[in-house]
Structures are given as C-alpha cells and as structure tokens.
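The values are calculated or read from the model by the stated rules, or taken from the named source; none is laboratory data. Predicted model, so just to flag it, every value in this text is computed and none were measured. Reconstructed Cβ throughout: ideal geometry from the backbone, glycine too, with neighbour counts over all protein chains shown.
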Amino acid sequence: GREWHLVRRPDGEPVPDDFALRERPVGQPSEGHVLVKNLYFSVDPYMRGRMDDVKSYTPPFQLDQPMAGGAVGQVVASQADGFSEGDYVLHFGGWREYASVPAKHLTKVDPDAAPLSAYLGVLGMTGLTAYSGLLRVAEFKEGDAVFVSGAAGAVGSEVGQIARLKGASRVIGSAGSDEKVKFLTEELGFDAAFNYKNGPVADQLREAAPAGIDVYFDNVGGDHLEAAISRLNTHGRIAVCGMISQYNSTKPTSAPRNLALLIGKRLRMEGMLVQDHADLQGQFIEDVSRWVRSGDLKYRETVVRGVDNGVEAFLGLMRGENTGKMIVDLTD
Ligand code: NDP
C-alpha cells in the first residue's frame, strides 16, 4: 500500500517536496491488531504544527515515517476480538491506503446511519470541536450574537449553524471568498458574512455587527482576533480554537494590539482542545444527527480523489480551497 511520509520539515509554507508517497508491503495484522483498508482520510490544519520539530500537545511527525490522522476504512483482516472482516471503523492511521491498527484505537461506525466521510467532519472531530467550543468553552447562551471566523470551513460552518439553532440573536461569519460569503448567508442561514480579503476586518465586522457581539469563536487569530476584541460586548467570551493565519508564519504576529480591552469589558478568553470534551460525544451526536436528518444543519465537503493527491488536498486546505470539510477519497 502507498503511504505519505514527511521527508523534510517545512520552512514556512509547506511545499510538495517536503513529502513523499512511498510503497510498503501490506502484511497480516499482528495479535490484537486489525488491518484496515482506508476509504477516506482527513487533512486538518493542526497537522501543520506536527510538521515542525517542536514540543506541543501532539508529538511532531517523524521524518521518513507515515504521517497519521483521522481515517475511515473497512477491516480486511482481524487478529482482535470484536472486529471482523467487513466492519467499518474510524481510527488514526490516515495518510495511507492500508493501516494496521491496535483494536483499542478503533471505533466502529455505521455506514447506514451517515455517509462514511461524515465521521471525519460533521459527525466527527471537527463537529465535536464546533459543538464543545461554542456551547461549553464560549458558554453560548440564547440571545447571544456570535461571530465565527473561518466560517465556511468544517468547524466554522458548524459553529454558525449550531448557534442559529440554539437561538443566537445574530450569527456573523467571515471567510476568504465572495462565493463562500454567499454560501454562508444563502445556504447556511448566517445573518451576515464578509470576505476578509475585501477590506479591514475591523471595519467589516463593525458593519456586520452594529450592536456588537457576545461570543467570538476564533479559528484565525491575528487581525480577526483584534477586531473581535474591539467589537465584543461587556462579559463577552472568546473560544480560541485555532489561529490558522499564523500556522505558516516564521515570525510572531503583531495583532492583537488591544488586549487591554479585556479589563474594562471583563472579557474571558479561553483556549480549547477537542480531546478534553469527549464526554459531550453522545449529546453532540444526538443533536447534530437530528439536525442533519431534519435538514436544519447543512454540511458540505470538498472531496479530493486518490491517495496521490493527499498532499495537494492538505496544501489546498491551507490555501482555502475547501468549503466545509476537506476529505481525501480513496474509494474505487
Ligand atoms: P477549515 O475547513 O476551516 O479549513 C481551513 C480554512 O482556513 C481554509 O479553508 C481557509 O478558508 C482558512 N484560512 C487559511 N489561511 C487563512 C488566513 N491566513 N486567514 C484566514 N483564514 C485562513 O479547517 P478546520 O475546520 O478543520 O479547522 C478550523 C480551525 O480550527 C483551524 O484553526 C484548526 O487549527 C482549528 N481546530 C482546532 C481544534 C482544537 O481542538 N483546538 C480541533 C479542530 C480544528 P478561507 O477561504 O476562509 O481563507
């Protein structure tokens, strides 16, 4: 099977030569392991951090080893109780065609309950991030006005819709193209949205949120965070989920320059990691699958076909070529 290796640590923006697609023989699984043929794998912004050799909440990718990440596949051979050939499973051995995975790292998924790729996005890690970040970390309550950046992406598009469904007074999103802005307001029911490339974020946010905001869900950092701090009402909350505008930068950012506003406005700002919120999984699946079935919550995926296009999918994600979850499809 083919698998993607990191062969050089990126300097700033990653380039295709930082990666190599290599062939490795597919063996039988060892005791307690399951051999999975991957059908879909996920590419995610946090993987950029794992490409650097720095201490973080996830260990760096090792050079000349397969990269890891979320994947859904089908069991082709099992040496573990509870799993048999044909089962569909969610696991962490992505970026490759075949993975041998310890049974304790596998979760069965039901292909009849949802399309398999949904377990990587709307009903998966990015979905739980949106749900827990908004409802728990940002302490969203009915009547809040919510601003989310990266709003047309996997996490952001779900944050905005959950806020709407839970009774937000106003939902505002920002994204990187006019087409994405249209998608937010015309298809996902955002009250207002703007293209951050069309002018200063602070000016566009002021226009979109004349009465201020109560919650800022940050996926971007930098200018977006600064603008949100200026726009937040007293006792507003910021959930710091991501700062993608900085992931490729080689020097520290200058914004936000207005942190002193946290004092007078009594703002609260809290970083989050989705893995701390696994206890919400049941409630999350119940709410979101109900909304998906009823059509109240819509989701889109950008699907790139073929393992050989995996790196292009990741690079495209970092450039904003996706709307909704970016998925690599290995089927057929
Ligand atoms: P997305 O689907 O949102 O894809 C990334 C998007 O980021 C792109 O589509 C692009 O959209 C946008 N982007 C890229 N560069 C910039 C930039 N310089 N300024 C503004 N926007 C930019 O990815 P996810 O939904 O998977 O992740 C969203 C955020 O959530 C990321 O920051 C990620 O790190 C974070 N995250 C955090 C988790 C946690 O536990 N803390 C868990 C999961 C995700 P556009 O066209 O709008 O620019």
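Things to note:
- Among the residues of the stretch 265-280, those that are surrounded by 15 or more Cβ atoms within 10 Å (Cβ to Cβ) and part of a helix (DSSP H, G or I) comprise 265, 274, 277, 280.
- Residue within the stretch 317-328 that is assigned to a loop (DSSP other than H, G, I, E, B), in the same structural domain as residue 187 (by TED's automatic domain parsing), within 14 Å of the ligand (Cβ to nearest atom) and not polar (S, T, N, Q) present: no
- Restricting 194, 183 to those that are within 14 Å of the ligand (Cβ to nearest atom) and over 20 Å from the mean Cα position of the chain (by Cα) reduces the list to 194.
- Filter result (under 27 Å from residue 18 (Cβ atoms) and either among the aliphatic types (A, V, I, L, M) or in a helix (DSSP H, G or I) (or both)) within the stretch 225-255: 243, 244, 245, 246
- The residue list 205, 188, 225 contains one member that is within 14 Å of the ligand (Cβ to nearest atom) and either touching an Asp or Glu at 6+ places or on another chain (Cβ under 6 Å) or β-branched (Val, Ile, Thr) (or both), which is 225.
- For residue 101, the criteria (1) surrounded by 20 or more Cβ atoms within 10 Å (Cβ to Cβ); (2) in a loop (DSSP other than H, G, I, E, B); (3) β-branched (Val, Ile, Thr) hold in every case but one, which is (2).
- The sole residue among 150, 156, 173 that is within 11 Å of the ligand (Cβ to nearest atom), under 17 Å from the mean Cα position of the chain (by Cα) and part of a strand (DSSP E or B) is 173.
- Of all residues in the stretch 281-302 being assigned to a helix (DSSP H, G or I) and within 16 Å of the ligand (Cβ to nearest atom), the one that is surrounded by the most Cβ atoms within 10 Å (Cβ to Cβ): 288
Table: residues versus (1) touching a helix residue (DSSP H, G or I) at 6+ places or on another chain (Cβ under 6 Å); (2) surrounded by 19 or more Cβ atoms within 10 Å (Cβ to Cβ); (3) within 22 Å of residue 233 (Cβ to Cβ).
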site: 146; (1), (2), (3): yes, yes, yes
site: 154; (1), (2), (3): yes, yes, no
site: 168; (1), (2), (3): no, yes, yes
site: 183; (1), (2), (3): no, yes, no
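- Residues of the stretch 193-240 that turn out to be hydroxyl-bearing (Ser, Thr, Tyr) and surrounded by fewer than 19 Cβ atoms within 10 Å (Cβ to Cβ), as a count: 2
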